[in-house]
Amino acid sequence: MLSLTEFAPPASRPDRLVEPAATKTYDAFGRHIHYLRVSLTDRCNLRCVYCMPEQMVFRPSEELLTDHELFKVLEVMSALGFDKYRLTGGEPTVRPGLVEIVRHIASLPNTREVAMTTNGLKLARLAQPLKAAGLQRVNISIDSLNPDKFRRITRWGDVRDVLAGIEAAERAGLTPIKLNAVVIRGFNEEDVVPLARLTLDHEWQFRFIEVMPFADVAEFQQASIVTTREMMTRIEAELGELQEENGGQLDGEAKVYRLPGARGTIGFISPVTAPFCASCNRVRLTADGTLRLCLLKDGELDLKTPLRRGASQDDLLDLIRAAIWRKPWGHDLAHGVIPMNRIMSEIGG
Ligand code: SAM
Ligand code: SF4
């Protein structure tokens, strides 16, 4: 972990990283950083094989930021011009007080978008109150429509609960709905076809994700990756040619296509075979209070220690903007460098 003292301003740092007129924060490569992914907990009600070990040990709750500490950090991010937030986990819906957290974020100055990534299990109950609190959209993970395969991937999940969650999200207006599947060799590589077929009749975006390697789970993840190219070949062989959308421009991290005559679209997220670092506009706040500058690099800024030592909002603002200035250009998966200090459920995706 990077220590606080490492964040003394580098010689080339301009006097002002936050432009008062536009309230924009940039990194040293000129990327405008305005999107925060907030992991609310490392806990989860599933144990997906590509995400965490079955015997996962979670952090004691006193190591996680309290609501009060979280709000303090979020207020600083807002002052730095952050306008887009995504709640994640672990599983964000198992965090107590989720609805109030959403309400708080939605009411921050500058907030333009509040979304959440969830496994959907608790959405049947939570979709309406979350929408009323200001949540705009959800991405729901569903790796297979086949109940047996879904259970094998998640270790005990029931896909019917996810389908009920999708329905509730749609009813509550948490739209446009995006669905995510991580594709894993030997588990669900054949399911890309039935999952892609959902877009024929629904205005959903189905996003297929290449599995990324992290720490203890890396060996399994590297052995079971299915590339975007292979997923596309499987889909096109059954469902017809994928037609590029948005003139080939990325939608966030996804390259988007449409099947002939489909109501919805299909996105591919290819962090391993086609990194999108040049357009990265985000940083991540982990549930235990570190600011992670790149999903796939270990460099982090500890915010919990200064918070618990009584740092002021100005102190935090200086620390965070200096850290963002040092956000790495990109990851080094291509050179075999794997993030080792956390697994995916401790970062949030
Ligand atoms: N629990 C929620 C869920 O599953 O949607 C949110 C947290 S989960 C860590 C966020 C996203 O990361 C999910 O879409 C999940 O499928 C994806 N994910 C988890 N482990 C991954 C890995 N090793 N590589 C790529 N994506 C992964
Ligand atoms: Fe839980 Fe999401 Fe990880 Fe699956 S991917 S174990 S649902 S945090």
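Remarks
- For the chain, the longest piece that avoids every one of the GluC sites (Glu not before Pro) found in DSSP loops with at most 13 other C-beta atoms within 10 Å covers 55-202.
- For region 195-215, the residues whose amide N sits under 18 Å from a probe point set 7 Å from the Cα of GLU189 along the beta carbon direction are 195-196, 208-213.
- The chain: relative contact order as a whole-number percent, Cα under 8 Å and 6+ apart: 22
- Of ASP251, ASP161, ASP201, the order by accessible heavy-atom surface (1.4 Å probe, DNA, RNA and ligands excluded), from most exposed downward, is ASP201, ASP161, ASP251.
- Residue-span extension gain [GLU230 to GLU167] - 0.36 nm each, minus C-alpha spacing: 19.7 nm
- Rolling a 1.4 angstrom probe over the chain with all protein chains present gives an accessible area of which 51% lies on carbon and sulfur atoms.
- Ordering of 256-266, 126-136 by packing is 126-136, 256-266, highest average first (other Cβ atoms within 10 Å, averaged per residue).
- When shorter helices are ignored and each DSSP H run of at least 4 residues is given -39500 (n - 2.57), the per-residue value for the chain at 222 nm works out to -8500 deg cm²/dmol.
- Extension gain (nm, one decimal) between VAL337 and GLN55, 0.36 nm per residue minus Cα-Cα: 99.0 nm
- Cysteines (scope the chain) whose Cβ has no counterpart Cys Cβ under 4.7 Å: CYS44, CYS277, CYS280, CYS294
- Beta bridges by DSSP in the chain, antiparallel share as percent, to the nearest 5: 30
- Averaged over its residues, the chain has an accessible area of 42 Å² per residue, based on protein heavy atoms and a 1.4 Å probe.
- Approximating the spin labels as points 7 Å out from Cα along Cα→Cβ, the ARG151-to-PHE220 distance works out to 1.8 nm.
- Order of exposure, largest accessible area first, which applies to LEU163, LEU87 with probe 1.4 Å: LEU163, LEU87
- Between helix 159-172 and the chain: long-axis angle, C-alpha atoms, 0 to 90°, nearest 10: 70
- A simple spin-label model places the labels of ASP201 and ASP318 6.1 nm from each other, with each point 7 Å out along Cα-to-Cβ.
- C-alpha center-to-center spacing [region 211-276, region 47-89] in angstrom: 27
- Computed accessible area, TYR50, all protein chains, 1.4 angstrom probe, square angstrom: 30
- Listed residues SER345, SER279 arranged by accessible area, highest first, probe 1.4 Å: SER279, SER345
- Stretching the chain fully between ARG125 and ALA274 yields a gain of 49.9 nm (0.36 nm per residue, less the alpha carbon separation).
- Taking a straight line from the alpha carbon of LYS304, these lysines sit under 30 Å away, with near neighbours fewer than eight places off in the same chain left out: LYS24, LYS72, LYS84, LYS122, LYS131, LYS327.
- Descending semi-axes in Å of region 4-346, equivalent ellipsoid built from Cα gyration tensor: 32, 22, 21
The values are calculated or read from the model by the stated rules, or taken from the named source; none is laboratory data. None of these values were measured; they are calculated from a predicted model. Because the Cβ atoms are built from the backbone with ideal geometry, glycine has one as well, and the counts that use them run over all protein chains shown. The accessibility values were calculated without ligands, DNA or RNA, using every heavy atom of the protein model including side chains. Shrake-Rupley method; radii C 1.70, N 1.55, O 1.52, S 1.80 Å.
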